[in-house]
1. Somewhere in the stretch 96-113, is a residue surrounded by fewer than 18 Cβ atoms within 10 Å (Cβ to Cβ), within 13 Å of the ligand (Cβ to nearest atom) and not in a strand (DSSP E or B)?
2. So residue 47 fits all but one of (1) near the ligand (Cβ under 7 Å from one of its atoms); (2) touching a Gly at 6+ places or on another chain (Cβ under 8 Å); (3) under 15 Å from residue 108 (Cα atoms); (4) not in a loop (DSSP other than H, G, I, E, B); what number is the exception?
3. Going by what's in this entry, would residue 26 be described as closer than 20 Å to residue 126 by Cα and touching a Gly at 6+ places or on another chain (Cβ under 7 Å)?
4. Any residue in the stretch 41-70 that's closer than 13 Å to residue 98 by Cα and touching a residue at least 40 places away in the same chain (Cβ under 8 Å): show its pairings with residues that are assigned to a helix (DSSP H, G or I) and near the ligand (Cβ under 7 Å from one of its atoms) at Cβ separation under 7 Å, as long as the two are six or more apart or on different chains.
5. What residue, among those in the stretch 180-225 that are among the aliphatic types (A, V, I, L, M) and over 15 Å from the mean Cα position of the chain (by Cα), is surrounded by the most Cβ atoms within 10 Å (Cβ to Cβ)?
6. Report, by residue number, each residue of the stretch 126-185 that is free of Cβ contacts under 8 Å to residues at least 12 places away in the same chain and farther than 29 Å from residue 204 by Cα.
7. Being more than 9 Å from the ligand (Cβ to nearest atom), part of a helix (DSSP H, G or I) and among the acidic types (Asp, Glu) narrows it down to one of 37, 9, so name that one.
8. Quick one: residue 2 ticks every box in (1) away from the ligand (no atom under 11 Å from the Cβ); (2) more than 19 Å from residue 84 (Cα to Cα); (3) of a type in the set (Ser, Thr, Tyr) except a single one, so which number is it?
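Since every read-out is calculated from the coordinates, none of them should be taken as a lab result. In this text, all values refer to a predicted model and were calculated from it rather than measured experimentally. So basically every Cβ, Gly included, is an ideal-geometry build from the backbone, and we count neighbours across all protein chains shown.
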Amino acid sequence: MSVREEFDEWATAGKDRGMEERHWHTAKHALARMPVETGDTVLDLGTGSGYALRALRERDVGRAYGLDGAPEMARNAREYTDDDQVGFVVGDFDSLPFADDSIDHVWSMEAFYYASDPHSTLREIRRVLKPGGTFYCAVNYYEENRASHAWQENISIDMTRWSREQYREAFRDAGLYVAEQDNVPDREIDVPDESEFPTEDWDTREAMVDRYRTWGTLLTVGVAP
Ligand SMILES: C[S@@+](CC[C@H](N)C(=O)[O-])C[C@H]1O[C@@H](n2cnc3c(N)ncnc32)[C@H](O)[C@@H]1O
């Protein structure tokens, strides 16, 4: 299945809103760290429902673009806002339809690892960023987060599972300085009492705590020279 087919299905089934709800637990903390200023142009890669752009617009950024490979995702996202400064584009991470040095800050949550060539995507991000611009890359699927490894079995798109160090190396190879790397724990997901395990999704409470409270979301921040 292509990105388009897979995620069009998700959008049609309303999963975009479910992702927004779950990802917001950690995304809001990472978004709050973005050094956006009034009037900045921002880009959200793999925007899904577009919630990150709606949040950034509350901080007075200027033009906000959401790119997604699934037209149904972009269509839904458009319906969730009537803000004329927010625009949605159907496109692929391989080739960003933006001019060199045109974007102040790029955001991506739970999407980067679907890139067919993540190194090339990082070079594209570097190309479109203005000097001093940042890339806030947030992922829950990564090497140290062992519980996430099984996710690949549930989806036909190849996912890139890098470690923390591999993210930093790849950012540097693409010409981005690594300004910060951090784990943002999910403190909002309800972890049931020990007596309720095993649950439908978790064999042990320890594994669930490890996934959400210990590892959570990996945030890597790149800065364009
Ligand atoms: C797991 S969803 C995350 C959506 C949103 N960022 C969130 O936090 O809820 C991944 C999104 O990335 C998009 N996507 C995946 N691979 C892509 C690619 N190569 N190019 C463009 N969009 C892609 C999908 O269509 C989907 O909407």
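1. yes
2. (4)
3. Answer is no for this residue.
4. 44/52
5. Across the stretch 180-225, the extreme among qualifying residues is 224.
6. Applying the first criterion (free of Cβ contacts under 8 Å to residues at least 12 places away in the same chain) to the stretch 126-185 yields 150-154, 165, 169, 172.
Correct list: 169, 172.
7. Working: 37 fails: part of a helix (DSSP H, G or I).
It is 9.
8. Residue 2 satisfies all of (1) away from the ligand (no atom under 11 Å from the Cβ); (2) more than 19 Å from residue 84 (Cα to Cα); (3) of a type in the set (Ser, Thr, Tyr) except (1).
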